[in-house]
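Below is one structure, written out as structure tokens; the observations come after it.
None of the figures in this text is laboratory data; all of them are computed from the coordinates on show. The model shown is predicted, which means the values in this text are computed figures rather than measured ones.
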């Protein structure tokens, strides 16, 4: 039994380290999106989010000429990829023309995404911004 316990413990520790660490490709300080009609930039307002506390993200919306998009039809949720923690609702507030704050509470530690959907007259645009909650 002891011979089996040590390798199992080592494997669990390795799994935990790999799971809770993230590479720069998985977590971004900013996520940028642009197409023929809109530019979106999502930024984390804190280096690391705190689980079970409100965290915020800055969202900037502009048309391709650089003009702010005001009163946008937006929805955002927090989601933990590859886990079922549910879909966490957020609050979106327009601070100034084209600048929004997305606020939500990740319910546990790990890798998360804030998923933002912008509804335009002709399409839906989905942007995912990865972040870590401690």
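For segment 23-134, restrict the atom set to alpha-carbon positions and state the Rg and Dmax in Å.
Gyration radius and largest Cα-Cα distance of segment 23-134: 13.6, 40 Å.
How much length is gained if the chain between residue 73 and residue 46 is pulled fully straight, taking 0.36 nm per residue apart and subtracting their Cα-Cα distance, in nm to one decimal?
Length gained, residue 73 through residue 46: 7.2 nm.
When the chain is fully extended, how far beyond the present Cα-Cα distance does residue 124 get from residue 32, taking 0.36 nm per residue of separation?
Using 0.36 nm per residue and subtracting the Cα-Cα distance, I get 31.5 nm.
Along its principal axes, what span do the Cα atoms of segment 28-90 show, with the longest given first and each in whole Å?
Result for segment 28-90: principal-axis Cα extents of 38, 22, 22 Å.
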